[in-house]
Amino acid sequence: MRLIILGASGAGKGTQAQAIASHFGVRHISSGDFLREETKADTALCRAVKRLIDRGDLVPDELMLSMMHEILEGDNFILDGFPRTFAQALALDEICGKLGCQIDMALNIHVPDDEVIQRITGRKVCPDCKAMFHIIFYPPKQNFICDHCGGRLEQRPDDTASTVRNRLKIYHERTLPIIDFYQRQNLLISTGGVGDADEITGNLIRLLEERLGKNGHCN
Ligand code: AMP
């Protein structure tokens with residue numbers, strides 16, 4: 001099973017991707033998490049990529065593709081945060097073709113922009129286990145401490161109001177056209193992302209099973 005999950009930052013892609021990955025037993029690949037890990041080293045390239053991320057700009061397609069190629073080899077996955085541009089979507093098809101597989105379904109989560117801004121600017125992330133919290137909607141039991149692993153919660157440098165506006169602008173200009181790309185191939189499942197997260201997961205799993213069967217294999 002090879003899935004893509006689309007939606008603006010803050011739409012709940014990460015949360016839904018994790019839940020769906022554990023339901024079907026597939027790998028959750030987050031391009032953002034991958035980039036944050038890969039740019040920890042103190043090299044000129046890492047610093048340059050980190051600057052782009054911190055500003056909310058996209059990492060160039062060429063660099064993204066060189067990194068994603070090896071990650072995608074082999075098994076079943078749900079891709080969260082990739083593709084983000086039309087060129088990446090085309091290249092993903094090409095990579096899958098070379099690996100003898102194809103994307104089975106693209107999930108799209110829609111959340112209005114003002115809700116996205118509210119969600120992201122209040123978001124706190126555990127750097128150790130990647131769990132997400134929100135200062136109002138989903139606060140940790142203890143201030144600044146992760147409920148799951150005790151890590152010290154942080155605000156991502158790109159989760160400020162001005163950066164979020166830039167990320168949304170880029171999302172509208174560069175990522176939204178991909179939705180149509182998957183719609184035209186009859187691979188798209190769309191759902192609203194406002195409401196109870198477990199209900200949204202249940203809805204997505206039901207829609208996926210209707211299209212792909214209980215094990216995630218095409219009917
Ligand atoms: P995310 O964790 O998905 O919100 O991604 C954080 C940041 O990583 C984005 O704002 C981009 O700067 C960068 N990034 C993640 N995925 C991609 C991608 N597919 N193409 C370009 N940049 C990306």
Looking at segment 119-178, which of the residues that are touching a helix residue (DSSP H, G or I) at 6+ places or on another chain (Cβ under 8 Å) and β-branched (Val, Ile, Thr) is farthest from Leu52 (Cα to Cα)?
Ile178
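Of Ile29, Ile20, Ile4, which residue is surrounded by 17 or more Cβ atoms within 10 Å (Cβ to Cβ), in contact (Cβ under 8 Å) with a residue 60 or more places away in the chain and within 15 Å of the ligand (Cβ to nearest atom)? Break it down stepwise before answering.
Numbers: Ile29 fails: in contact (Cβ under 8 Å) with a residue 60 or more places away in the chain; Ile20 fails: within 15 Å of the ligand (Cβ to nearest atom).
Result of the check over Ile29, Ile20, Ile4: Ile4.
Hey, which of the helices (runs of 4 or more DSSP H) in segment 103-219, taking only ones fully inside, have at least 1 residues that are aromatic (Phe, Trp, Tyr) and either modelled with pLDDT of 95 or more or out of contact with any strand residue (DSSP E or B) (no Cβ under 6 Å at 6 or more places or on another chain) (or both)?
Details: elements: 113-121, 161-170, 176-184, 197-212.
Of the helices (runs of 4 or more DSSP H) lying wholly inside segment 103-219, those with at least 1 residues that are aromatic (Phe, Trp, Tyr) and either modelled with pLDDT of 95 or more or out of contact with any strand residue (DSSP E or B) (no Cβ under 6 Å at 6 or more places or on another chain) (or both) span 176-184.
So for segment 23-40 (the condition being assigned to a loop (DSSP other than H, G, I, E, B) and basic (Lys, Arg)), does at least one residue qualify?
Yes, some residue in segment 23-40 is assigned to a loop (DSSP other than H, G, I, E, B) and basic (Lys, Arg).
Just give me the residues in segment 54-63 being assigned to a helix (DSSP H, G or I) and either more than 9 Å from the ligand (Cβ to nearest atom) or modelled with pLDDT under 95 (or both), in sequence order.
Within segment 54-63, Asp54, Arg55, Glu62, Leu63 meet the criteria.
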When Lys141 is run through (1) within 24 Å of Ile78 (Cβ to Cβ); (2) surrounded by fewer than 18 Cβ atoms within 10 Å (Cβ to Cβ); (3) more than 19 Å from the chain's Cα centre (by Cα), the failure sits at (1)
Does Asp80 satisfy being within 8 Å of the ligand (Cβ to nearest atom), crowded, with 20+ Cβ neighbours inside 10 Å and among the charged types (D, E, K, R)?
yes
Criterion: touching a residue at least 40 places away in the same chain (Cβ under 8 Å), of a type in the set (S, T, N, Q) and either more than 15 Å from the ligand (Cβ to nearest atom) or under 21 Å from Ala161 (Cβ atoms) (or both) - qualifying residue of Thr121, Thr43:
Thr121
Give the residues of segment 158-202 that are over 17 Å from Gly10 (Cβ atoms), away from the ligand (no atom under 16 Å from the Cβ) and exposed (fewer than 15 other Cβ atoms within 10 Å of the Cβ), sorted by residue number.
Asp180, Gln183, Arg184, Gln185, Asn186, Asp198, Glu199, Gly202
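The values are calculated or read from the model by the stated rules, or taken from the named source; none is laboratory data. These numbers come from a predicted model, not from an experiment. For neighbour counting, all protein chains shown are included, and Cβ atoms are generated from backbone atoms with ideal geometry for every residue, glycine included.
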